[in-house]
Each structure stands twice: as C-alpha cells, then as structure tokens.
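The values are calculated or read from the model by the stated rules, or taken from the named source; none is laboratory data. Keep in mind that what you see is a predicted model, and the values were worked out from it rather than measured. All Cβ positions, even for glycine, are placed from backbone atoms using ideal geometry, and neighbour counts span all protein chains on display. Note: areas computed on protein heavy atoms with side chains; ligands, DNA, RNA excluded. Shrake-Rupley method; radii C 1.70, N 1.55, O 1.52, S 1.80 Å.
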Amino acid sequence: MEPQSDHIKPRLEKREKLIDKGIDPYGGRFDVSESIASARENPTPDRDVRLAGRVLSHRDMGKSLFADIKDSTAKIQIYIKKQDIGDEQFDLFKNYIDLGDIVGVTGKLFKTHAGELTVKAESVTMLSKAIQPLPKEWYGIKDVETRFRQRYLDLIMNDNVRDTLLARSRIVAEIRKFLNSRGFIEVETPMMQPIAGGAVAKPFKTHHDALNIDLFLRVAPELYLKRLLVGGFERVYEINRNFRNEGISRRHNPEFTMLEVYQAYGDYETMMDLAQGMVVSVAESIADSLLIKRHDGQEIDLTPPWRRVTYRELIEERVSKEWFSLTPEDRKAQAITMGVECPADAPDYEVTNSIFEKVIEPTLMNPTFVTHLPAELVVLAKPNKQDPSLVDVFELIINGQEIAPAYSELNDPVLQRVRLLMQAKGHDEKLDEDFLLALEHGMPPAGGMGMGIDRLVMMLTGAESIRDVILFPLLKPQT
C-alpha cells in the first residue's frame, strides 16, 4: 500500500474519520435475508430485504442518492433518501462511502418509474472500507497476467470470469452426484509419496524433517487407488490435486485437478460408458445443451453415441493408409516434413505417437474414443488378447485435447513388474515394490479412468486457456 498516493490518501482519511465517529470501517456480522439474485427473482413490492454487496456506482441527487451494489450472484440498485434514513446515515453514505466499499442495506423493494427493481433503504451498515479503488477501465487492461495476479478484481469486475469459475464448482458437484448415485465411494490418497508413480512425469520434491526422508508431490493417485481395489473397495474415485514439474501452456498448469475412478470387474469399455454418461449428464445439467460453443464460435456436439476408432485406423485415416508399412526411417522422415520434431534416438512408436498428439489430436473437436494404443505407451494396462502388442485402453479426445485416458487395468503382478522395469530402463526410477506386493495379493480385473477436470471445464464453458478455469494459476513472481 502506498499511503501518500493521490488515490489512496483520501480513503485513508475517511477511514480515520469513521473511527473518530465511532463507526467501525470493517463492520461485523450482518445477517442477509437472501442473495441479490434471490431478491430479484421475488420482486414483490414493499417486501423487506437485508442485502449486502460491493458498491459499484454512486449517484448524488442532493437530498437523495442512488447506488448499485453487487454480490456474488447479481447487482441491484439502492435508493437512499435523507428523509427516510436520517441525517447521520445519509451523511455516512454521501461523504464516507466510496466505490469498492462493501455495505449492508436494509429496506423495502420497489420499482422506479423506469421499471428498475430498487431497494428503498431504511438503514445502511458499513462492512468494509476499500483503501484501494477499483480499476476504472478493467476491460481495457491488455496484460492478461494482471487479471490472474489480482484474480479478486477479475471476479469483481468481470461477470463472465465469475460465471466460468462458479460453473467449475457446479461441474465438480455434478460429477460427485453422478458417481455417488452409481455406488462409487470418494476416497483420499496421499499427496506426499515416497515414490512418484502412476504416470511418467517429472515430480516436485520435498523433504520431511522428522523422518529425514525425501518425498514427492504426487503425479497421479493411481497406484494407491489400485491398492484399494485389492483391499475390497470395488468402486472408488478421487478428485485429486496432482503436481508435475513440467511446462506451462494454454493446456498445462503444474498443479492441476484430476478425477480418477476405478470399477472392479469392469474394463476399458465399462469406462467408455461411464465417461460418456457422466459428461453428457454434466453438460445437460450445467449448459442445458449437448451443443457446446468454443471460444472461437465453433460448436462441439456431445450427442451420444460417441465415435470409437482404433489408434491404427485413425493414423491411417488422417496420415496415410500405408503408414504402418513404411520403414521406421521413412516414418521419421515423413514426420519431420509434417513439422513434428523427432529426436534422433526416438523409438519408432514415439514418432507415430508424436504425429497423433501434435497433428491429429488438435483436429478432433467432437468426442472421440481412440482405442488400442501400442503397449509401450501404457505400461499399466492389460494387453489385448488378439494382439498383445496393443493394450485395451482409450484416450477420450474432445475439443482438440485429451480429456480422459482409461484402461483395462493390468492385474498380473509378474507382467506388471516386467512392464515397469522396461519403463524404468534408462531412467533413474525406483519400482514401487509396495504396489507390486499389493498386486501379488490379488487385484480384481477392473476398468480405470483419469479425467482432467480443468480441461473438462474448459470444454464445457468455452474457455480458451486453462488459466481461465483455475482460480489462481501459477505465475512467475514479479520482480
């Protein structure tokens, strides 16, 4: 705070004068009768209301005042007349309340001659004095990082931002409702883990002083949730925070939210039905439609049934029917001509997958289940019985990005050890022996799925960037 700046000094002086008058500039309990939106939905004339909100406008008419106040739900006009409210409170509002202050208002509803719903104030209570003024031209701020750094101002001034983030809360609630109604139980697994497992990702490290051990912030909860399958929890899910010490982009934040769900005696097709049913149910509840508009005006059609296509079929369809007949060298050369970077030592399966992720995936707007990926890409999934070089999995692509991978979970502890050893080859990684020990006690066949909550919210709200759907995205500190 800069006490001597021109825009702050008058507010600090008003704060001191309020204290001298015996008025607490920061108020206390104020029992509202309802939200402003609720008041607007029941505009019965002369109905008593007690509302609270932030002052967004202030119009002095001499012996009367008009102002707009706003809470998290809506905005409403208040009318303050000296004759009705008394000299002291009229003076309070006229001379000591600024834009941005939070006030409580008691009064009766009425409509002005212009038909605007208004509260005729009978009393006004000071609840919080804003020392910093609100931005005058918030919409004109070109540096989007300013919005993210001062998210509280973004929420005050921009209704669309607030609506998006409120929609996120509703989406998560609907997911819980959907899963709970189908017999799944919500659980919590460790966020600090001795071994970073369940996904191939660079972890964040920390240290526990009392035990003198290094720990990792989890990259995925998968291996703990599978332990619960072993323990007899047959339908489990966790809405979890994951942490990956990797890049930041329009689609990636180092701290993000995932849904992971497991169903004993199911498989990847069980998860297809679950994913489709859940997203459709949430969309109908939140958006009241299965046609979702993107930020660029393009439409996403969530109407079931969703397309199911194998990984190989999609590559042949979008790249070349002869793709898998080419030599590895020719595939790498063609990938380079398509603008896909391929390290010289990249395995052949990674070359094809890079084309899938960078060339094909961004074009898949409507929901598409891409099934049967190469076994090397998914070490925790069951091999396909007809072709063991593939695994029984899907990647659900919507809005040009992966929303959810799902597997028929590998429950053979001997094969799982072999797969994990192959994955760890050439990397400084430890096997999670406790997880393998759990598998040796017998894990039922199961379907499992991870769904990116942030990306799902982006799709359902039409947000352009993952930062738009996270309240406080990670930003580089200001110097």
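Couple of notes before you dig in:
- Loop-exposed chymotrypsin sites (Phe, Trp or Tyr not before Pro) per DSSP, neighbour cap 14 Cβ within 10 angstrom, longest uninterrupted part of the chain: 27-264
- Other residues lying with their Cβ under 9 Å from the Cβ of Arg54 contribute a combined charge of -1, Lys and Arg counting +1, Asp and Glu -1.
- Among Leu211, Leu373, Leu290, the order of accessible area from largest down is Leu211, Leu290, Leu373, computed with a 1.4 Å probe on protein heavy atoms.
- Alpha-carbon radius of gyration plus Dmax, which is the widest Cα pair, for the range 169-264 in Å: 14.8, 43
- Estimated FRET transfer efficiency (Leu134, Ile19; beta-carbon r; R0 30 Å; 0.05): 0.85
- For the range 372-440, the dipole from Cβ point charges (+1 on Lys and Arg, -1 on Asp and Glu) about the Cα centre works out to 200 debye, to the nearest 20.
- Sites matching trypsin sites (Lys or Arg not before Pro) across the range 277-381 that sit in DSSP coil, with at most 11 neighbouring C-beta atoms within 10 Å: Lys321
- Charges were assigned to the Cβ only: +1 to each Lys and Arg, -1 to each Asp and Glu. The resulting dipole of the chain about its Cα centre is roughly 1580 debye.
- Our helix-only sum for the chain, with -39,500 (n - 2.57) per DSSP H run of n ≥ 4 divided by its residues, gives a mean residue ellipticity at 222 nm of -9000 deg cm²/dmol.
- Stokes-Einstein D in µm²/s, Kirkwood radius over Cα pairs - the chain at 20 °C with 1.002 mPa s viscosity: 81 µm²/s
- The lysines within cross-link reach of Lys120, meaning a Cα-to-Cα straight distance under 26 Å and a gap of 8 or more places when in the same chain, are Lys14, Lys21, Lys63, Lys70, Lys75, Lys81, Lys82, Lys94, Lys108, Lys111, Lys129.
- Proximal lysines relative to Lys476, as straight alpha-carbon distance under 29 Å, when same-chain residues fewer than 8 apart are discounted: Lys136, Lys142, Lys202, Lys205, Lys358
- In a simple Cβ point-charge model (Lys, Arg +1; Asp, Glu -1; nothing else charged), the range 166-290 has a dipole of about 320 debye relative to its Cα centre.
- Candidate lysines for bridging to Lys177, where Cα separation is under 25 Å - those fewer than 8 sequence places away on the same chain excluded: Lys226, Lys293
- Largest-first ordering by accessible area, 1.4 Å probe, given options Val119, Val32, Val319: Val32, Val319, Val119
- Gyration tensor verdict on the range 219-282 (Cα atoms; rounded if a/c is under 1.5, prolate if a/b is larger than b/c, oblate otherwise): oblate
- Principal axes of the range 1-137: Cα extent on each, largest first, Å: 47, 31, 30
- For the range 364-433, the list of trypsin sites (Lys or Arg not before Pro) that fall in a loop by DSSP and count at most 16 other C-beta atoms within 10 angstrom reads Lys385, Lys425, Lys430.
- For the range 345-384, the calculated P(r) over all alpha carbon pairs, in 10 Å bins from 0 to the bin holding the longest distance, is 24, 49, 26, 1 percent.
- Contact order normalised by residue count of the chain, Cα under 8 Å, 6+ apart, percent: 13 percent
- Area projected by the alpha carbon convex hull of the range 326-474, averaged over all directions, nm²: 11.7 nm²
- Trypsin sites (Lys or Arg not before Pro) within the range 149-214, DSSP loop, no more than 14 other Cβ atoms inside 10 Å: Arg182
- Accessible surface, 1.4 Å probe, highest first, among residues Met157, Met451, Met422: Met422, Met157, Met451
- Take the chain and mark each of the GluC sites (Glu not before Pro) that is in a DSSP loop with at most 15 other Cβ atoms within 10 Å; the longest unmarked stretch, sites excluded, is 342-428.
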